[in-house]
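Working notes, beginning with the structure itself.
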Amino acid sequence: MSFDAAYHEKKLNSVGTRPLRPDGVDKVTGKARYGADFNVPGQLVARVLRSPHAHARIVNIDTSRAEAAKGVKAVVTAADFPDLTNGNAEMYAILDNCMARNKVMYDGHAVAAVAAIDAKSARDALRLIKVEYEVLPHVVDVDAAMLPDAPVLNDSVFTGGVEPTPTTPSNVCNRAEFGHGDVEAGFAKADVIIERSYKTEQTHQGYIEPHACVATCNKDGTAELWVCTQGHFVFRQNCADLLGLDASKLRVTSSEIGGGFGGKTHVWTEPVALALSRKAGRSVKLVMAREEVFRASGPTSATSIDVKLGATKDGKITAGLATLRYTGGPYPGMWAELGAMTSFACYDLENVKTVGFEVLVNRPKVAAYRAPSAPMAAFAVESAVDELAHKIGMDAVDFRIKNAAQEGSKSSYGPVYGPIGIGPTLDAAKTHAHMSAPLGPNQGRGMACGFWFNFGGQTSSNMNIGMDGTVSISVGTIDVGGSRASMALIAAEELGISYDDIKVVIGDTNTLGYNDMTDGSRGTFSSSMATVSAARNAIEVMRKRAAITWDIPEEDVYWEDGHAKAAGSKYGNLSPLSVAEIAAESGNTGGPIAGHSELIADGAGVSFATHICDVEVDPETGSTSVIRYTVIQDAGKAVHPDYVEGQYQGGAAQGIGWALNEEYIYGEDGRLQNAGFLDYRVPVCSDLPMIDTQILEIPNPNHPYGVRGVGETSIVPPLAAIANAVSNAVGVRMSHVPVSPPRILAALKAEANG
Amino acid sequence: MRYERPETIDQATSLLAGAKGKAFVLAGGTDLLVRMKGDDFEAGLVVDIKSISGMRDIAETDEGFVIGAGVPCAALNEHAALHAAWPGVVEAANLIGSTQIQGRCTVSGNLCNASPAADSVPAMVAAGAQAKVSGPKGTRMVPVVDIPLAPGKTSLEKGEMIEAIVLPKRPARAGDAYLRFIPRTEMDIAVVGVGVNLTLGSDGTVETAHVALGAVGPKVVVAEAAAKTLVGTKLEDTALATLAAACSAASSPIDDKRGTVAFRKDVAGVLARRAARIAYDRAGEK
Ligand SMILES: Cc1cc2nc3c(=O)[nH]c(=O)nc-3n(C[C@H](O)[C@H](O)[C@H](O)COP(=O)(O)OP(=O)(O)OC[C@H]3O[C@@H](n4cnc5c(N)ncnc54)[C@H](O)[C@@H]3O)c2cc1C
């Protein structure tokens, strides 16, 4: 059935209200089942042996003593993962990351795994595995890895994106360029130019729930996986591909999820658990320890970025140039490319050029982290924009308003924008009470803007109308932030029934068609589109059933306010039929009533935000406290405003942590020094102020309710907003994130000493 | 691994003395239980001391305050006389972790864990606290400063445990304070910690001063020279500047994941200044 996804303004009854989320009580009372809460009879416990070296050749692995140990049921190494990737480099990287093949590429890289009858037997067995390493020189720093004499991680990597392709291998696996106009000509027209270099350190998504799964491989080639994931369909495909299973015979059920933020869009231990189960013939439970989560999953890129920006005295940016270097861990990715695309996306520039270099280092394979790559680029560009505004004596907000992109602007990464929210968020910032609140001693205010693309993609959902008129919906996008509540609101709006009469569940991989994962802020955008489509299909069925009940032509039945109604005066005495009434008769009118939807959700509207923050810095210790924070972001339409605000606040909180204290710290030996929440410092509650939010609603023309993704953009501005605020508080530009107390104090001393 | 819950000190020390393999005293368990979850932890015996009589009491005796080794830090805060006499020690103990941690953790455990960053230790050392150590050979009094030797190492011998911490009686016009630097607002490990203990003459001149520094060396640092600079002053600005410089000089920290050498030295001076000011004001109020 054709589906019109276009936005139509209408009066709303359910969408935009704030009912309680259906999963809330279970989560706060501990009843909700997360990854590690699932058990099956006879399951084994798995543990992974990890490399203590940043870079080493695996000379030999002897598992014989572990295999012979009491309680051990299976041991696997790379030998148990034959290469089925068929030349697909991306899949090969996933395979090698799950279990090191010839070399270990980072501290924490998996080299073997054990399944045993209990945790102690598994732990003891790990000690019996003897791995002989030939330690190789390593490199963890992005700039050092680009030097000609740096140890080369992979001698089959030649820089892509340059003509001609180089003949010597290097750690720079790709160069990507974006932009338009002529930056040199633009700089020639500038009255003021600034040129700066910035660095950001590697951070982890920091989800509270570690990766966990229970895998069962059966003799007949079927298998089951219970797992904490952001995308069970993607996990199914990846695991099936890596292990040579039929995707349809691998049933993946997603648990509740204790945070993912992009880090649970990638398989890590799941193929290992399945391989152990296949070998042992028993179910295998594998839960990562926190230390393993830090050492071997997650992190985002560390970066080094140069920005050159020119403007005329009256505040028009004449050219913008950025060179961005992003670490990808040991395997090629597209992190620098994303950074290069997003750098100047907030601005309408005549001349712009960005170049991204993707750099291999001996750190864990980089995973998506909430608007991946954009926060670092925004930190660099928004710091430079701020400094340039100061230099020409213009207010930081006014300067951005003057240069903001708008409908019709050609974006720095290519496309021409439709209706967008950057201008409105800046206007809202300008008039926000926060902007004019007085500041005390040692306090400073900063602001910054941010952009994220958003994504739509493949989506499938089912709606079943029960015989009592209540409705159940299965969606295939993992609920990471309240989307079940939003789906129920959308369905209530479409069907004209109560939110309380709708139950939304996340279907497993065998009950729905393929769904892309919950990434790219697509969960509510795409699944609500599919829910609207499914509801409209169900309404079609209900119209037919009403026609049968009344014995009148189908065309004479229309749907309004949750009821089938007979059109025209000739049926004057037919009272409208409710969903419940039609459902009650379904056994006599053609059987169960359902609506399905399989679609590609196109047209995810781009998203913009402006953040304002105030900090107070202790000039004697460099300690920073965030005393006020405001997020202004375009949501398109806030289906459930509480959970939109939650996304705004959550992204800001994570960005504040990144800006102030979070960082991966490596020793001289290339080993991670702070693989735990004690020394990897995410903010605790008392570190954060209440984060104020302002939701703007500039409808996305490509969604029936105008919805845009809201989950990611909120982490883009904070690095720059905080750094700008700190710089304004102490009078010294901070160009290295996190702006931790030692960095601030060192900068202040350097300034004082001239 | 064996778990024992003796009811007398003698039982506890003979269990510890007779243990084959490693034996651990279990007080609040906020360090030990975390360690036990680690892959490398091995122990033959754990002796829970919380059922030993008197272990959970704070007694005010002729010697001063005797704090049983099972007393949780939160209980120090609720003891009005102790709080009035040693506010610095009490606030240091109640910086440890969070409300939940403070309901379990002890100052003896904090001391015996022998972390250079332990919060209550510089405050206790500045206060001149003594540890009552019991063992198979009897009981001895040991200055708190002599218990830790190096990270994770104490001077306690096999079979020995701390039975109580003794804080001396307070004269009039005495005050103490403890400050630490952490990058966050709570649930963090001190990057620098400073305990200051002062007594004043009737005209407000400092008569005695003790300063101890945490997290700037392999164990708590007694900054004797720094403390001396305060004696005879009224904490004038120049006196505080001299104190800060002396504390920075007394620090011999390392660069690590928690801070740099330069940062720790600077902040040791800053905190010493601020803590001295608080201790001085407290002393003056009495
Ligand atoms: C979340 C969290 C936050 C923390 N925050 C801080 C902090 O801010 N500042 C800080 O300093 N510490 C902190 N700690 C560490 C810990 O809480 C403290 O060191 C605490 O004081 C230890 O006391 P306990 O009674 O729990 O010791 P336990 O864990 O019971 O014992 C610690 C060690 O001392 C030994 N021991 C204990 N009592 C005796 C005794 N009477 N005689 C001989 N040996 C003994 C034990 O065998 C063990 O080796 C934190 C810990 C956690 C888990």
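The values are calculated or read from the model by the stated rules, or taken from the named source; none is laboratory data. Note that the structure is predicted; figures quoted are calculated from it, not measured. As a convention, Cβ positions derive from the backbone with ideal geometry for all residues, glycine included, and neighbour counts pool all protein chains shown. Calculation scope for accessible area: heavy atoms of the full protein, side chains included, ligands and nucleic acids excluded. Shrake-Rupley method; radii C 1.70, N 1.55, O 1.52, S 1.80 Å.
Is it the case that B:LYS219 is in contact with a strand residue (DSSP E or B) (Cβ under 9 Å, 6 or more places away or on another chain), of a type in the set (Lys, Arg) and within 12 Å of the ligand (Cβ to nearest atom)? The answer is no for B:LYS219.
The residues in segment B:114-132 that are within 8 Å of the ligand (Cβ to nearest atom), away from every other protein chain (no Cβ under 14 Å) and either under 19 Å from B:LYS169 (Cβ atoms) or surrounded by fewer than 24 Cβ atoms within 10 Å (Cβ to Cβ) (or both) can be counted, and the count is 1. Where strands (runs of 3 or more DSSP E) fall wholly inside segment A:53-123, the ranges with 2 or more residues that are at pLDDT 95 or above and under 18 Å from A:VAL267 (Cα atoms) are A:110-116. Tell me yes or no: at least one residue of segment B:193-201 is within 16 Å of the ligand (Cβ to nearest atom), within 14 Å of chain A (Cβ to nearest Cβ) and open to solvent by less than 10 Å² (accessible area, probe 1.4 Å). Checked against the condition, which is being within 16 Å of the ligand (Cβ to nearest atom), within 14 Å of chain A (Cβ to nearest Cβ) and open to solvent by less than 10 Å² (accessible area, probe 1.4 Å), segment B:193-201 yields at least one hit. Return the residues of segment A:203-223 that are out of contact with any Lys or Arg (no Cβ under 6 Å at 6 or more places or on another chain) and open to solvent by less than 10 Å² (accessible area, probe 1.4 Å); say none if nothing qualifies. Once the filter is applied, which keeps residues that are out of contact with any Lys or Arg (no Cβ under 6 Å at 6 or more places or on another chain) and open to solvent by less than 10 Å² (accessible area, probe 1.4 Å), segment A:203-223 yields A:THR203, A:HIS204, A:GLN205, A:TYR207, A:HIS211, A:ALA212, A:CYS213, A:ALA215, A:ALA223. Taken over segment B:253-280, the residue count meeting the criterion of being open to solvent by 70 Å² or more (accessible area, probe 1.4 Å) and either in a loop (DSSP other than H, G, I, E, B) or assigned by TED's automatic domain parsing to the domain that holds B:ALA150 (or both) is 2. A:ALA564 versus (1) within 22 Å of A:THR470 (Cα to Cα); (2) over 44 Å from the mean Cα position of the chain (by Cα); (3) at pLDDT 95 or above: which is the lone unmet condition? Here A:ALA564 meets the rest and fails (2).
Can you name the residue in segment B:229-242 that is open to solvent by 30 Å² or more (accessible area, probe 1.4 Å) and on the phi < 0 side of the Ramachandran plot and, of all such residues, is farthest from the other protein chains (Cβ to nearest Cβ)? Spell out how you get there, then give the answer.
If we filter segment B:229-242 for residues that are open to solvent by 30 Å² or more (accessible area, probe 1.4 Å), which is where we start, we get B:229, B:231-232, B:234, B:236-238, B:241-242.
Checking the rest, the ones that are also on the phi < 0 side of the Ramachandran plot come to B:229, B:231, B:234, B:236-238, B:241-242.
Values: B:THR229: 19, B:VAL231: 25, B:LYS234: 22, B:GLU236: 18, B:ASP237: 14, B:THR238: 17, B:ALA241: 12, B:THR242: 16 Å.
This residue is B:VAL231.
Residues in segment A:267-298 that are over 15 Å from A:CYS213 (Cα atoms) and open to solvent by less than 10 Å² (accessible area, probe 1.4 Å): A:PHE294, A:ALA296, A:GLY298. Could you grab me the full set of residues in segment B:162-192 that are within 14 Å of another protein chain (Cβ to nearest Cβ) and more than 9 Å from the ligand (Cβ to nearest atom)? Across segment B:162-192, the qualifying residues are B:LEU179, B:PHE181, B:PRO183, B:ARG184, B:THR185, B:VAL191, B:VAL192.
Conditions tested, residue by residue: (1) farther than 19 Å from B:CYS112 by Cα; (2) in contact with a helix residue (DSSP H, G or I) (Cβ under 8 Å, 6 or more places away or on another chain); (3) modelled with pLDDT under 95.
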{"position": "B:THR8", "(1), (2), (3)": "yes, no, no"}
{"position": "B:GLN11", "(1), (2), (3)": "yes, no, no"}
{"position": "B:LEU15", "(1), (2), (3)": "no, no, no"}
{"position": "B:GLY54", "(1), (2), (3)": "yes, no, yes"}
{"position": "B:GLU60", "(1), (2), (3)": "yes, yes, no"}
{"position": "B:PHE65", "(1), (2), (3)": "yes, yes, no"}
{"position": "B:LEU76", "(1), (2), (3)": "no, yes, no"}
{"position": "B:LEU82", "(1), (2), (3)": "yes, yes, no"}
{"position": "B:ASN94", "(1), (2), (3)": "no, yes, no"}
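Of all the listed residues (A:ALA345, A:ALA368, A:ALA380, A:ALA336), the sole one being closer than 28 Å to A:PHE261 by Cα, under 24 Å from the mean Cα position of the chain (by Cα) and open to solvent by 10 Å² or more (accessible area, probe 1.4 Å) is A:ALA368. Apart from one condition, A:THR511 fits all of (1) polar (S, T, N, Q); (2) in contact (Cβ under 8 Å) with a residue 60 or more places away in the chain; (3) within 15 Å of A:VAL475 (Cα to Cα); (4) in a loop (DSSP other than H, G, I, E, B); the exception is (2).
Just one of (1) in contact with a Ser or Thr (Cβ under 7 Å, 6 or more places away or on another chain); (2) within 14 Å of chain B (Cβ to nearest Cβ) fails for A:GLN647. It is (2). A search for C-beta distances below 6 Å between a residue of segment A:660-687 that is free of Cβ contacts under 8 Å to residues at least 12 places away in the same chain and within 9 Å of chain B (Cβ to nearest Cβ) and any residue that is open to solvent by 40 Å² or more (accessible area, probe 1.4 Å) and hydroxyl-bearing (Ser, Thr, Tyr), counting only pairs 6+ apart in sequence or on different chains, returns A:SER686/B:THR185.
Against the test of being away from chain B (no Cβ under 14 Å), open to solvent by less than 10 Å² (accessible area, probe 1.4 Å) and under 18 Å from A:VAL359 (Cβ atoms), the options A:VAL142, A:VAL104 yield a single qualifying residue, A:VAL142. Considering the conditions (1) on the phi > 0 side of the Ramachandran plot; (2) within 14 Å of chain B (Cβ to nearest Cβ), A:GLY636 is excluded by exactly one of them, (2).
Scanning segment B:243-285 for residues being acidic (Asp, Glu) and at the interface with chain A (Cβ under 9 Å from one of its Cβ atoms) gives a total of 2. Tell me, yes or no, whether segment A:630-649 has at least one residue that is among the hydrophobic types (A, V, I, L, M, F, W, C), touching a helix residue (DSSP H, G or I) at 6+ places or on another chain (Cβ under 6 Å) and within 13 Å of A:ASP687 (Cα to Cα). No: zero hits.
When segment B:133-158 is limited to residues that are under 20 Å from B:TRP86 (Cα atoms) and assigned to a helix (DSSP H, G or I), the one that is farthest from the ligand (Cβ to nearest atom) turns out to be B:VAL145. Counting only helices (runs of 4 or more DSSP H) wholly contained in segment B:10-108, the ones carrying 2 or more residues that are open to solvent by 10 Å² or more (accessible area, probe 1.4 Å), in contact with a strand residue (DSSP E or B) (Cβ under 9 Å, 6 or more places away or on another chain) and more than 8 Å from the ligand (Cβ to nearest atom) occupy B:80-85, B:87-93.
Considering segment A:727-754, and only residues there that are more than 14 Å from every other protein chain (Cβ to nearest Cβ) and part of a helix (DSSP H, G or I), the residue that is least open to solvent (accessible area, probe 1.4 Å) turns out to be A:SER727.
For segment A:224-253, how many residues meet the condition of being open to solvent by less than 20 Å² (accessible area, probe 1.4 Å) and outside any helix (DSSP H, G or I)? Total satisfying the criteria: 8. Beta carbons closer than 7 Å, at least 6 apart along the sequence or on distinct chains, pair a first residue in segment A:477-502 that is polar (S, T, N, Q) with a second that is assigned to a helix (DSSP H, G or I) and open to solvent by 20 Å² or more (accessible area, probe 1.4 Å) for A:SER483/A:THR524; A:SER486/A:THR524; A:SER486/A:TYR643. Determine whether B:GLU4 is closer than 19 Å to B:GLU160 by Cβ, open to solvent by 30 Å² or more (accessible area, probe 1.4 Å) and more than 24 Å from the chain's Cα centre (by Cα). For B:GLU4, the condition - closer than 19 Å to B:GLU160 by Cβ, open to solvent by 30 Å² or more (accessible area, probe 1.4 Å) and more than 24 Å from the chain's Cα centre (by Cα) - is met. Considering segment A:185-200, and only residues there that are more than 12 Å from A:GLY320 (Cβ to Cβ) and buried (at least 21 other Cβ atoms within 10 Å of the Cβ), the residue that is farthest from the chain's Cα centre (by Cα) turns out to be A:TYR198.
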